[in-house]
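What follows is a short report on a single structure.
The values are calculated or read from the model by the stated rules, or taken from the named source; none is laboratory data. Please read these numbers as outputs of a predicted model, since none were measured by experiment. Positions of Cβ are backbone-derived with ideal geometry, glycine not excepted, and every protein chain shown enters the neighbour counts. Each accessible area value is taken on the protein alone, full model and side chains, heavy atoms only, with ligands, DNA and RNA left out. Shrake-Rupley method; radii C 1.70, N 1.55, O 1.52, S 1.80 Å.
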Amino acid sequence: MLELIDVTKQYPGQPVPALESIRLKVKPGEFVALLGPSGAGKSTFIRCINGLVAPTAGQVIWNGHDVTAAGKETIGRIRREMGMIFQHFHLIGRLDGLTNVIIGCFHSLSLWRAVTGWFPKEVRQEAVQALKRVGLLEVMHRRADGLSGGQQQRVAIARVLMQKPRLLLGDEPVASLDPVASREIMDLLREIHEQEQMTTILNLHDVETAKTYATRIIGIRQGRIVFDGLPQELGSKE
Ligand code: ADP
Ligand code: ADP
């Protein structure tokens, strides 16, 4: 379903490429953890998949579509099929959790709708269900910037669920959370992965977390894949 063919990313002005000839396939239902030191290219890898970063060379093929060559309309549709969560959540802080989730499924008019507070009833109900699923029913009317980090990530996950994606991408989704919140978020992601057979690719920096949750680990160093295998195959030296 997802294939990277010799993907290279050279940022302008950088001495070496952030990614170099990355080639791999990800099958539906896999839970992939990307591991590697800071600056290895993990974030660039994730962002090339959904077109947030344009590779300098190579192709990203998603269900037969070339993401790297897709026009605006196709890329919009592809991005809706790929949910993304971030280290710093990317919520609108002054809006409550519920509104943040609702506007995830709107596009151009979303801010106007948020300000006027008008949304179709079905969308609102669906958002409440998504928030219930991530365990945030009681705090959904609180401003996002008043929530804890773990709660904010749950809002972001609920927003992604509204999108009904086929692929979930996470760029360091637990890196700024304390160990307890981090484990809760990973448990939630595992639950979603299992219940929806959601293909998941997370950029993680903690080896133990990756070994606990992932079905496949990809190690990246200096823009190249240095390990690709099962969690139990990853030695302690990596
Ligand atoms: P990681 O996620 O593993 O920390 P990144 O993908 O963020 O790695 O970065 C890989 C390399 O590319 C680093 O050397 C980083 O400084 C560089 N880089 C990342 N984003 C940009 C950018 N927007 N412009 C220039 N260089 C970048
Ligand atoms: P978040 O996880 O909340 O999205 P990050 O802290 O990962 O935020 O954001 C880092 C941003 O900085 C990314 O957009 C990345 O492309 C950019 N970046 C990383 N390294 C460099 C660099 N060396 N030069 C320019 N931009 C960079």
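Some points to look at:
- Within the chain, percent of DSSP bridges classed antiparallel, to nearest 5: 50 percent
- When peptides 122-128, 91-97, 40-46 are sorted by average Cβ neighbour count within 10 Å, with the highest value leading, the order is 40-46, 91-97, 122-128.
- 3J(HN,Hα) from dihedral phi, segment 60-76, Karplus parametrisation 6.51/-1.76/1.60, rounded to Hz, x for glycine, proline: 10, 10, 10, 6, x, 9, 7, 4, 5, 10, 5, x, 4, 5, 5, 5, x
- The Stokes-Einstein estimate for the chain, based on a Kirkwood radius over Cα pairs and taken at 25 °C with 0.890 mPa s viscosity, is a diffusion coefficient of 133 µm²/s.
- A simple charge model with +1 on the Cβ of Lys and Arg, -1 on the Cβ of Asp and Glu and nothing else charged puts the dipole of the chain at about 540 debye relative to its Cα centre.
- Angle in degrees between helix 121-133 and the longest Cα principal axis of the chain, rounded to the nearest 10: 60 degrees
- Positive-end residue, segment 1-151 charge dipole about Cα centroid, Cβ charges, pick of Gly104, Gly13, Gln125: Gln125
- Helix 179-196 axis, angle to the chain major axis (alpha carbon atoms, nearest 10°): 90 degrees
- At a probe radius of 1.4 angstrom, the accessible area of the chain per residue rounds to 49 square angstrom.
- In this structure, the pairs whose alpha-carbon distance is over 31 Å, taken from Lys25/Lys72; Lys164/Lys211; Lys25/Lys121; Lys72/Lys211, are Lys25/Lys121; Lys72/Lys211.
- With all protein chains in place and a 1.4 Å probe, the accessible surface of the chain carries 50 percent carbon and sulfur.
- If you plug the beta carbon distance of Val180 and Lys27 into 1/(1 + (r/R0)^6) with R0 = 45 Å, you get a FRET efficiency near 0.90.
- Accessible surface ranking that places the most exposed of His88, His65 first, with a 1.4 angstrom probe: His88, His65
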